[in-house]
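The values are calculated or read from the model by the stated rules, or taken from the named source; none is laboratory data. This is a predicted model, so every value here is computed, not measured. As a convention, Cβ positions derive from the backbone with ideal geometry for all residues, glycine included, and neighbour counts pool all protein chains shown.
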């Protein structure tokens, strides 16, 4: 190095390089972020406080649960975070799985109560399985008949679930038969397998049907999973056996615990089986076994806490959200008001939205990204369409409500305020969002994959089906679920299509008039009694947010799961 | 697949200078296969067949002409290298051999390009069928984000050739000199492999469907020297069985591995085409000599 005296200037301590503006900009950005987050958080705390009213509890009650539940769990969380991260992951999953399982159980229970009886479910599942069997058998017998397979793929489920067309279409069937040179004589409608099952003279009891259509298949799936993981068939059979025994034990213990047979079956299938399979894997790998302490501590803490609270006669908080709120209909008195029918309405609306927007939105996105020409007059037209889809994403939701009113109620003459109208109107609203996010996901698949596939002599369809879609699916699902989160909270279209302001009975079909959660919350906001506006409203908002949170969490889990691979 | 392994018994071919015939332990089944094929195609014994022939081929991207009146023929079961500066159209020519240019909306092709005596730009040629006979390996390794096994099986599956799939995948990986490294991890993601392994996987994927021709677009330019030399050895072995057309920026590479060399220069012109040895030792054109010796700007 040079021997001359060091030049002090180059290190920049004379502030010749000004970083003032940069620092100021950074601070402003931080402030903007903090402001947004803090204001949302404050609002949530405010609403949650109104809904749960934790301060209405005796201080002894709060103290007891703080000591038995909060402190031990917090200590465990700190321990996992600092010292034992794999155990933290185990704790996270073992606490999350039962929650997801209970939510699923609740969903299925609501479905069986409101939508279709267990017998109808059994008939539907059995006919779909039969259709699947037909498709597989056809693929085995005639592996090279592509067009025929397409017909079977769509025809088999239709025939097993719906049967042949009704007698109004007599002419169609007889003409077709005549064209093929067959003479039926008089055409009789062939009923579907589903209808045959519904008319069986002897029907097994509900729990047996659930055991056959839900518990047993899930148990076999869990058994196959475990058998692959341990490389032992015995372990797989053990899982199946344990699940079935667990289900049958419920026939004795269920009534004692106040759980119906059907509820027990659902709990075994959705909670006990997945948790058991996961815990077995953790114990066998001996990795993060300490994480199992977290859910055990939580359950023990709650149990000990409730014993202490009962013994000391301490009163809990007078929360607006409780079991009664979630399971009863709205009422004239605030204390009896509940959100159950609106929640069922919202969930059924989401089903309609998914069925309507997912195929259309993803199909449009695939066409625009993979097939549509980018050059020439057609290319210009496609660009115009894309710009308009972008604009449609910004059209106010009231306008979509108006569109739904005109299209589905005035023209198609579906019942005003019915679930299918609400679902389609809100579905139209999120359709542009679904298309745009699916387009983004498809565009983010590297072109080199497509090139490689085409270079191998794949057709466009094979490339899309086997390379582009599997790679884009997580992105498509994430975008769609986030759009559904927006859909479930939309209020204006529901007002326009005349969704019920308050309903006492949950809808039993998709053409029933129903209320949805945001609509119900909106009508509570204009009740005269303050208890509605401050308490019940807050409880409704929290319920809606909880449903939203579950959906967003699902989106995040899906995204992380695929990114890890 | 037509007459193979000609190279193995005529290593005195002047074009094959620099190639050392290395005995391949995994080559046994391949030789068996070649015996049957040789019997069916005796006319090829007389001399090398020209498997690809371009006549006055012009390619345009919009208004820009990328290739000008290319006329050349590529011999069977040899390595033909295409060299030239960036933007000279050598990759365009490569991509017009298996009609990958069809995927670019603005591309337009004029002239004729024969593959086994059939003009591939005839209306009755399905580019998908053509690409099943002419495989391609790209500049950057681009395995699918699937398992190693699924990558190699991809081409077989899309062509519904799923009989003996395991056997075919194993053979392809052995031919691509990758089997020993991945034998135990066929279920692992192909993206976990190193760059050189990924490129050999792409070669295995391309040869699994047994094409006639393999096009390689600068297959080693994104790899380190060791991985590059493995790919070069592999290319020489592949030429015993396949017709290999390779685009490269690396002139030493072209000199080492190719039998024939085509020199493209700016403007999409094919300036000189001939045996590699004579191109590098005694080029006819001054421009080619300038380019090869590095004087070209």
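Table for the structure above
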quantity: Check on residue B:187, farther than 21 Å from residue B:91 by Cβ, part of a loop (DSSP other than H, G, I, E, B) and in contact with a strand residue (DSSP E or B) (Cβ under 7 Å, 6 or more places away or on another chain); calculated: yes
quantity: Count - residues of segment A:467-500 that are surrounded by 19 or more Cβ atoms within 10 Å (Cβ to Cβ) and within 14 Å of another protein chain (Cβ to nearest Cβ); calculated: 5
quantity: Cβ pairs under 6 Å, 6+ apart, first in segment A:144-162 and free of Cβ contacts under 8 Å to residues at least 24 places away in the same chain, second in a helix (DSSP H, G or I); calculated: A:152/A:135; A:152/A:138; A:153/A:135
quantity: Which listed residue, of A:442, A:419, is crowded, with 20+ Cβ neighbours inside 10 Å and over 26 Å from residue A:558 (Cα atoms); calculated: A:419
quantity: Unmet criterion (only one of (1) within 14 Å of the chain's Cα centre (by Cα); (2) within 25 Å of residue B:157 (Cα to Cα)) for residue B:128; calculated: (1)
quantity: Residue match in segment A:406-416 (condition: touching a residue at least 24 places away in the same chain (Cβ under 8 Å), more than 14 Å from every other protein chain (Cβ to nearest Cβ), in contact with a strand residue (DSSP E or B) (Cβ under 8 Å, 6 or more places away or on another chain) and over 30 Å from residue B:156 (Cβ atoms)); calculated: yes
quantity: Search result, residues across segment A:129-165 that are closer than 23 Å to residue A:175 by Cα and surrounded by 14 or more Cβ atoms within 10 Å (Cβ to Cβ); calculated: A:152, A:155, A:156, A:159, A:160, A:162, A:163, A:164, A:165
quantity: Number of positions in segment B:191-238 that are in a helix (DSSP H, G or I) and over 15 Å from residue B:176 (Cα atoms); calculated: 4
quantity: Criterion: under 15 Å from residue B:144 (Cα atoms) and surrounded by fewer than 21 Cβ atoms within 10 Å (Cβ to Cβ) - qualifying residue of B:184, B:192, B:224, B:212; calculated: B:192
quantity: Failed item in (1) away from chain B (no Cβ under 14 Å); (2) in contact with a helix residue (DSSP H, G or I) (Cβ under 8 Å, 6 or more places away or on another chain); (3) surrounded by fewer than 16 Cβ atoms within 10 Å (Cβ to Cβ); (4) within 29 Å of residue A:440 (Cα to Cα), with residue A:394 passing the rest; calculated: (2)
quantity: Test: residue in segment B:107-118 that is in contact with a helix residue (DSSP H, G or I) (Cβ under 6 Å, 6 or more places away or on another chain), within 14 Å of chain A (Cβ to nearest Cβ) and at pLDDT 90 or above; calculated: no
quantity: Top-ranked residue of segment A:442-465 - restricted to ones that are under 30 Å from residue A:352 (Cβ atoms) and within 14 Å of another protein chain (Cβ to nearest Cβ), ranked as farthest from the chain's Cα centre (by Cα); calculated: A:461
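Yes or no, residue by residue, for (1) without any contact (Cβ under 8 Å) to a residue 24 or more places away in the chain; (2) within 14 Å of another protein chain (Cβ to nearest Cβ):
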{"residue": "B:154", "(1), (2)": "no, yes"}
{"residue": "B:161", "(1), (2)": "no, yes"}
{"residue": "B:166", "(1), (2)": "yes, no"}
{"residue": "B:177", "(1), (2)": "no, no"}
{"residue": "B:182", "(1), (2)": "no, no"}
